[in-house]
Amino acid sequence: MAVGRDPARAEATLAKLRKANPNAQHAAPLADLSRLSEMKRVAEEIAGIAPEIDVLVNNAGALFNRREVTEDGLEKTFALNHMSYFVLSNLLLPRVKRGGRIVSTASDAHRGARLDFDDLQSEKRYSGFSVYGKSKLCNILFTRELARRSAGAGVTATCLHPGFVATRFGDQSGGLVSIAVKIVKPVGAISPERGAKTIVYLASSAEVEGESGGYYYECRLATPTAEAQNDADAKRLWEISAGISGVGA
């Protein structure tokens with residue numbers, strides 16, 4: 001099952017999945033994961049289709065050249081890149097089987113980022129790359145706190161840096177961001193298959209079982225920044241996110 005935004009691309013993905021495994025049940029519910037109401041709606045839809053979940057992969061994300069605000073009053077990068085992970089993981093956690101996995105795509109873009117808890121919505125200053133880096137820092141902090149809170153449920157929570165992957169990421173960011181991505185991608189990006197390798201590893205490898213809270217790169221445990229290992233910040237971000245969304249308290 002994969003959540004999509006574009007009906008045509010979602011249907012094309014379903015066709016590939018059905019061809020690869022015609023005996024499995026496939027679905028591609030549609031949602032705008034920058035909106036809290038849509039996060040909650042699609043979580044309910046997923047739960048209705050899949051009463052038991054082996055692996056939940058959080059992989060939504062974007063970089064925006066200009067600051068945008070969602071209908072919930074949230075800066076769009078924060079809403080999509082962090083809050084969607086937070087809301088869906090919390091709402092679907094009761095469905096994740098003991099021994100199951102929650103894998104979240106973070107990034108080495110978190111290096112150099114620091115959270116300003118007085119300005120999580122980037123109202124004081126905004127730079128697309130900087131705000132994106134902060135959202136990836138949020139992903140790692142979220143994973144650490146999720147691992148702590150879900151330890152008793154027997155669920156392994158991990159996150160990863162996939163590398164610079166040749167996907168559609170950044171193509172529609174606008175401004176110099178899109179130009180830079182289109183120039184660099186052909187010479188510096190890895191294939192989507194290689195970029196997905198660590199996700200598959202974290203979702204399926206027996207070596208990962210019980211190693212909750214870790215940050216991985218190229219299928220190996222990596223060390224994130226000191227800011228990303230700050231458990232007090234992880235707890236504070238969780239509490240703020242729960243207050244915003246009404247879930248996870």
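Any read-out appearing in this document is the output of simple, stated calculations on the displayed coordinates, not a laboratory observation. Just so it is clear, the structure is predicted and the values come from calculations on it, not from any experiment. Because the Cβ atoms are built from the backbone with ideal geometry, glycine has one as well, and the counts that use them run over all protein chains shown.
Points worth noting:
- Using the rule -39500 (n - 2.57) for each DSSP H run of four or more residues, divided by the residues of the chain, the 222 nm mean residue ellipticity is -12500 deg cm²/dmol.
- For segment 56-156, the dipole from Cβ point charges (+1 on Lys and Arg, -1 on Asp and Glu) about the Cα centre works out to 520 debye, to the nearest 20.
- Count Lys and Arg as plus one, Asp and Glu as minus one, and take only other residues whose Cβ is under 12 Å from that of Leu137; the net charge is then +1.
- Given charges at beta-carbon only (K, R positive; D, E negative), |dipole| of segment 55-245 in Debye: 340 debye
- By average C-beta atoms within 10 angstrom, highest first, the peptides 144-157, 107-120: 144-157, 107-120
- Other residues within the sphere of radius under 12 Å centred on the Cβ of Gly154, judged by their own Cβ, net out at +2 (K and R +1, D and E -1).
- Bridge orientation summary for the chain: considering DSSP beta bridges with both residues in this region, about 20 percent are antiparallel.
- Counted charge near Trp238, where neighbours are those whose Cβ lies closer than 10 Å (Asp, Glu -1; Lys, Arg +1): +2
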